[in-house]
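This report concerns only the one structure given below.
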Amino acid sequence: MKVAVLGGGPAGLYFAISMKLRDSANEVTVVERNKPDDTFGWGVVLSAETLENLTRNDPVSAVWIRRYFAYWDDIAVFHRGVRTVSTGHGFCGIGRKRLLLLLQRRARELGVDLQFETEVPDPRPYMDTHDLVVAADGLNSRARATFAEVFKPDIDVRKCKFVWLGTHQKFDDAFTFIFEETEHGWVWAHAYQFDPETATFIVECSEETWEKFGFGEMSKEESIATCERLFEKYLGGHPLMSNASHIRGSAWINFPRVLCERWSYKNLALMGDAAASAHFSIGSGTKLALESAVALADYVRSEPTLDAAFEKYESARRTEVLKLQSAARNSLEWFEEVERYLHLDPVQFNYSLLTRSQRISHENLRLRDPEWLGDAEAWFHRQAGNTGNTRRAPMFAPFALRELKLKNRVVVSPMAQYRAVDGCPTDWHFAHYAERAKGGAGMIYIEMTCVSPEGRITPGCTGFYAPAHETAWKRLVDFVHADTEAKICAQIGHSGPKGSTQLGWQESDAPLEDGNWPVLAASDVPWSPRNQVPKAMTRADMDMVRDQFVASAEMAARCGFDMLEIHAAHGYLLSSFITPLTNRRSDEYGGSLENRMRYPLEVFRAVRAVWPQEKPISVRISANDWVGADGITPPEAVEIARTLQAAGVDICDVSAGQTSIRARPVYGRMFQTPFSDRIRNETGMATMAVGNIYEPDHVNSILMAGRADLVCLARPHLTDPYWTLHAAVTLGDREVKWPDPYLPGRDQIYRLAERSATMGLKV
Ligand SMILES: Cc1cc2nc3c(=O)[nH]c(=O)nc-3n(C[C@H](O)[C@H](O)[C@H](O)COP(=O)(O)OP(=O)(O)OC[C@H]3O[C@@H](n4cnc5c(N)ncnc54)[C@H](O)[C@@H]3O)c2cc1C
Ligand SMILES: Cc1cc2nc3c(=O)[nH]c(=O)nc-3n(C[C@H](O)[C@H](O)[C@H](O)COP(=O)(O)O)c2cc1C
């Protein structure tokens, strides 16, 4: 086979080597525009796993590469004058130039024809004369541009500015992150050693800071001198160096995230950065390039046709790329938003940094550095006011709001049961909530309990509007207080445009088959074309509903609930005011966010006035309508939270969506937690995170990283009322309190857990 490889970076060279290894009769030519030793950039990071993959493919070059590897286990973070070190991270790195020289040598040895100083402006002549052409010509691939219509590259130019520099200052004891506050904002460096003399030193900052410094107008030398001044105390007198002499101007760039819809056309395939890039902060660009090279060489050999080989190559590698790009996106977004986290205590800041890509979990960190994690957990407990044993997972730290004191951070999220009769909770509710209260969570919610019969979502929804409701709820609250340590929160709401609909397990949100009642909303916008057109509320309607909220809050207070939550999310009445998707009013309750918040705030203030001063009030919001700029976006949710905070709301329960049938949510583990993170860290308001959080590890990492104060779990509590007690068993925590009658069960489950752990170790 006659093969042309365009670009002699890691992808191109390693593909050439891999093709020769699979069949020495392959005629392989690499065409590279630079000179052999004229390569730019500093160290590249690889993992032990990548090296194993390389060893399987070509033990010879793997041995050479390994010889030049610099290893480091620690990550050090300089933040607010404190250097925090954690260990067990296991990286290795090699100079980019060294790597390329080794690969060139190996390619030559195998008979690859290396043609340097040859620019390829257009891949087509090579496609005519070769059986297979691989375009490994990097981020700004000319080949990709030539067939842009086919490959449909999606290039997302990211917000931060960065420059690759090197230094002879030693960073050989740890991969080091340095955050420096300067006269123009924060600037940070990623520094790591890659050979005995040299370390990579990447300097990064926001575009705003970059502009204030005037880096764009500086020469490269001036830029470097400025960076040397900023990081003087870390450089030990060593200069910073640039070897990107080919780049004109200051050499700062914005990272472009590249992803192509297709990676092949006719006999040409894209590879490495040309096909897909991964942000340098997860150090995977070279890994992706090398592993893709191996994959394509394998498929070209194993598949009967080039088309079949390309198909397999794309489908196998695309999954890997998407996984890494997702981790890379989390990581780069963390750096883009780092100013949100810089106020955190160094311990929490460090934790947040280490878990930024969401690839490293809480327990994974424990495996890497148990001592560091134990200290971090103890810090968490101390700042939470725990005066007892602080060697416990963060989920078991206490939490206080006004005079409410929770024994831990796990909350049973509100979940409608649709079992009420005329709004009255039944034995079902008593049994259901009593079980959850015994299950170990710090607080349980009752479902959205409606302020009027018309304010119910379904005929099965509970209410706070008749004396019988009060009697039934009080019985439950009294039980929870007498027999458990849990606190209990009442969620009150009005269904608005989503009212008069079917039970949850019927056709959710669809109108009733018969017996519908009229519904109210901010505007006459129906939930869906099938739902009733609601009446746009008049001022008299608003007075009436506000007073119903107040009467319900008074009833909840008489029942003895410990906290109250006003439901202003999910498209129900108050939510229909907040989101512009359903609020079309032209009076002072519509239009600007300030206007859209006016009625929900009026309801809150009226409720606050009657709710006991010592007890907190929460508001649940939908922090993202998931329809893009037409609806509520996460930055607007921060503004919503600010208005709630200013009005005296104690905690924001950050949910999302369910406000429009147009919504296109992006689901995933903990998918709504970033909205809570943003609100908490930009406003300082206490928050609750909710949504697809189901493992103790999720809860602990959310809390430890400061992404929420409390964590709500809904569906996991449907399948396991004792979720918290079971989490304690999993974590080996014996301090949680079990109900006395259940102690024999407790002893058995811990014994069984210990036994299976021992057996696991023996295996
Ligand atoms: C200048 C530079 C420095 C880098 N430094 C680091 C680093 O220090 N640490 C790190 O982790 N990652 C670094 N990276 C990123 C990482 O190296 C890439 O993810 C990885 O190199 C991807 O490999 P690749 O072979 O796909 O692309 P590249 O390494 O970019 O290789 C592409 C090659 O194609 C050649 N080429 C491009 N266009 C043409 C053309 N029209 N004709 C002929 N030849 C062409 C280029 O000269 C280059 O040699 C760097 C990337 C670049 C471009
Ligand atoms: C059966 C069921 C009923 C729910 N009822 C309510 C409710 O009454 N009030 C509310 O705010 N959210 C309600 N939710 C949403 C949950 O509180 C929670 O936000 C959502 O299920 C995501 O959390 P999870 O992934 O842990 O289930 C309900 C969810 C379920 C599954």
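The values are calculated or read from the model by the stated rules, or taken from the named source; none is laboratory data. Since the model is a prediction, treat every value here as computed from it, not as a measurement. Here the Cβ positions follow ideal geometry from the backbone for every residue, glycine too, while neighbour counts run over all protein chains shown. The accessibility values were calculated without ligands, DNA or RNA, using every heavy atom of the protein model including side chains. Shrake-Rupley method; radii C 1.70, N 1.55, O 1.52, S 1.80 Å.
Counted by Cβ distance under 12 Å from residue 440, the other residues give a net charge of +1, where Lys and Arg count +1 and Asp and Glu count -1. Of all lysines in the structure, the ones whose alpha carbon falls short of 18 Å from that of residue 170, not counting any fewer than 8 places away in one chain, are 233. If the chain linking residue 543 and residue 431 were pulled fully straight, counting 0.36 nm for each residue of separation and taking away their Cα-Cα distance, it would gain 36.7 nm.
At a 1.4 Å probe, what is the % contribution of carbon and sulfur to the accessible area of the range 1-143? Heavy-atom surface of the range 1-143 belonging to carbon and sulfur, 1.4 Å probe: 48 percent. The mean accessible area for residues of the chain, using a 1.4 Å probe and ignoring ligands and nucleic acids, is 40 Å² per residue. Could you compute the FRET efficiency for residue 613 and residue 89, with r as their C-beta to C-beta distance and R0 at 45 Å, rounded to 0.05? With R0 = 45 Å, the Cβ-Cβ based efficiency is 0.40.
Inverting the mean 1/r over all pairs of different Cα atoms, compute the Kirkwood radius of the range 496-536 and quote it in Å. Can you show the working numbers first?
Numbers: mean 1/r = 0.0992 Å⁻¹.
For the range 496-536, inverting the mean 1/r across all distinct Cα pairs yields 10.1 Å.
Expressed as cubic angstrom per residue, what is the convex hull volume of the alpha carbon set of the range 409-466?
On the way: hull volume 4.2 nm³, N = 58.
So the per-residue hull volume is 72 Å³.
Between the Cα long axis of helix 593-610 and the first principal axis of the chain there is an angle of about 40°, rounded to the nearest 10. Extending 7 Å from Cα along the Cβ direction at residue 55 and again at residue 751 yields two label points whose distance is 4.5 nm.
Within the range 445-535, DSSP assigns beta bridges of which about 10% are antiparallel (rounded to the nearest 5).
Based on Cβ point charges of +1 for Lys and Arg and -1 for Asp and Glu, what charge dipole magnitude is obtained for the chain about its Cα centre, in debye rounded to the nearest 20? Don't skip to the answer; put the middle values down first.
Values: 86 positive and 99 negative charges, 173 e Å.
It comes to approximately 820 debye.
Quick check on the chain: helices-only [θ] at 222 nm, where DSSP H runs of length 4 and up contribute -39,500 (n - 2.57) each and the sum goes over total residues. Nearest 500, please. Walk me through the numbers on the way to the answer.
Values: 26 runs with 304 residues, N = 763.
Rounded to the nearest 500, the figure is -12500 deg cm²/dmol.
Distance between the pseudo-spin-label points of residue 364 and residue 229 (7 Å out from Cα toward the beta carbon): 4.1 nm.
Taking 20 °C and 1.002 mPa s as the conditions, I'd like the Stokes-Einstein D for the chain in µm²/s, using the Kirkwood hydrodynamic radius from alpha carbon pairs.
Values: Rh = 29.0 Å.
Rounded, D is 74 µm²/s.
A DSSP coil position with no more than 15 other Cβ atoms inside 10 Å describes the following trypsin sites (Lys or Arg not before Pro) in the range 12-84: 80. Partners of residue 407 within straight-line reach, counting aspartates and glutamates whose Cα lies under 12 Å from its Cα and excluding those fewer than 8 residues away in the same chain: 485, 735.
Please pull out the direction-averaged projected area of the range 587-627, using the convex hull of its alpha-carbon atoms, in nm² to one decimal place. Please report the intermediate quantities before stating the final value.
On the way: hull surface 15.2 nm².
Hull-based average projected area comes out at 3.8 nm².
With the cut-off at 23 Å, tell me which of the pairs 474/498; 438/474; 35/161 have Cα atoms farther apart than that. Can you show the working numbers first?
Values: 474/498 28 Å; 438/474 17 Å; 35/161 28 Å.
The answer is 474/498; 35/161.
Among rounded, prolate and oblate, which fits the range 589-746 when a ≥ b ≥ c are the square roots of the eigenvalues of its C-alpha gyration tensor, a/c under 1.5 means rounded, and a/b larger than b/c means prolate? Cα axes put the range 589-746 in the prolate bin.
In plain terms, the bigger the Kirkwood radius, the slower the diffusion; for the range 1-139, with that radius from Cα pairs, at 37 °C and 0.692 mPa s, Stokes-Einstein puts D at 199 µm²/s. A Cα-only calculation for the range 145-237 places Rg and Dmax at 16.0, 51 Å.
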